[in-house]
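Notes for the one structure printed next.
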Amino acid sequence: MEELAVGTRVEHPRYGEGIVSKNKITSYEIFFEHGGKIELTKRNEDLEVKDAPAEKPKTSLSLSEIEKVLRFVLEEQNVLQEVVPLGEKWIGGNMILQPANLSLKPKEIPIESFFHKIVMLRDRLRVLEQNINSHPGLSDEEKVNMQQYITRIYGSLTSFNLLFSENKHYFVGAKS
């Protein structure tokens, strides 16, 4: 028997006329006029198709549909990171940390690596902020108190705003 779509009208010798309401992996859920909701195996040879919907049943998702679902879930969970551009003047540059003791070697770090860590820090602060705001065990007062600490952290990080190419990505502390 061909796969039955949801909405297909069927006839069964015992239960009478019915409509397929769910197409499961190995069975159909059918609402029968005289039997109510019954689940029958797809191998059941007693079913006779009376009227099938115009569209064929959809048995699988396309790659594009799977990608859309995954992107939605990942964005909802803040797993996907926004692309934040580094200021042009810093691209390809290095950060040099020179110890006060000149007998020690300076440490050179590619600025892109440092910038990536700053962006990751900012993203994790945002996730922390969301977790605090949605936490069911915290009172509003506790949430506000914790938010004040996060605001102060953002304020401490404003020195790194010079690395960002766009103002909308800047750290912003408490406004006076």
Inset, instruction - Answer yes or no: is there a residue in the range 33-45 that is at pLDDT 80 or above, assigned by TED's automatic domain parsing to the domain that holds Val127 and either in a loop (DSSP other than H, G, I, E, B) or more than 30 Å from Leu125 (Cα to Cα) (or both). - result: no
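Within the group Val20, Val10, Val6, which residue is among the hydrophobic types (A, V, I, L, M, F, W, C) and surrounded by fewer than 16 Cβ atoms within 10 Å (Cβ to Cβ)? Can you show your working first?
Details: Val20 fails: surrounded by fewer than 16 Cβ atoms within 10 Å (Cβ to Cβ); Val10 fails: surrounded by fewer than 16 Cβ atoms within 10 Å (Cβ to Cβ).
Only one candidate passes the filter, namely Val6.
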Inset, instruction - Of all residues in the range 3-32, count the ones that are touching a residue at least 40 places away in the same chain (Cβ under 8 Å) and outside any strand (DSSP E or B). - result: 6
Inset, instruction - Scan Glu88, Glu55 and give me the residue that is at pLDDT below 80 and of a type in the set (Asp, Glu). - result: Glu55
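Among Arg152, Arg124, which is the only one that is part of a helix (DSSP H, G or I), loosely packed, with under 15 Cβ neighbours inside 10 Å, of a type in the set (D, E, K, R) and more than 25 Å from the chain's Cα centre (by Cα)?
Numbers: Arg124 fails: more than 25 Å from the chain's Cα centre (by Cα).
Answer to the check: Arg152.
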Legend entry - Pairs, first within 16 Å of Gly173 (Cα to Cα) in the range 117-139, second aromatic (Phe, Trp, Tyr) and surrounded by 14 or more Cβ atoms within 10 Å (Cβ to Cβ), C-beta under 6 Å, six or more apart: Ile118/Phe160
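Residues Glu142, Glu112, Glu129: which one is surrounded by 11 or more Cβ atoms within 10 Å (Cβ to Cβ), over 26 Å from Asn161 (Cβ atoms) and acidic (Asp, Glu)? So that I can check it myself, show each step before the final result.
Details: Glu112 fails: over 26 Å from Asn161 (Cβ atoms); Glu129 fails: over 26 Å from Asn161 (Cβ atoms).
Every option except Glu142 fails the conditions.
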Legend entry - Sole exception among (1) surrounded by fewer than 12 Cβ atoms within 10 Å (Cβ to Cβ); (2) part of a loop (DSSP other than H, G, I, E, B) for Ser159, by number: (2)
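The values are calculated or read from the model by the stated rules, or taken from the named source; none is laboratory data. All values reported here derive from a predicted model rather than from experimental measurement. Neighbour counts run over all protein chains shown; Cβ positions are idealised from the backbone, glycine included.
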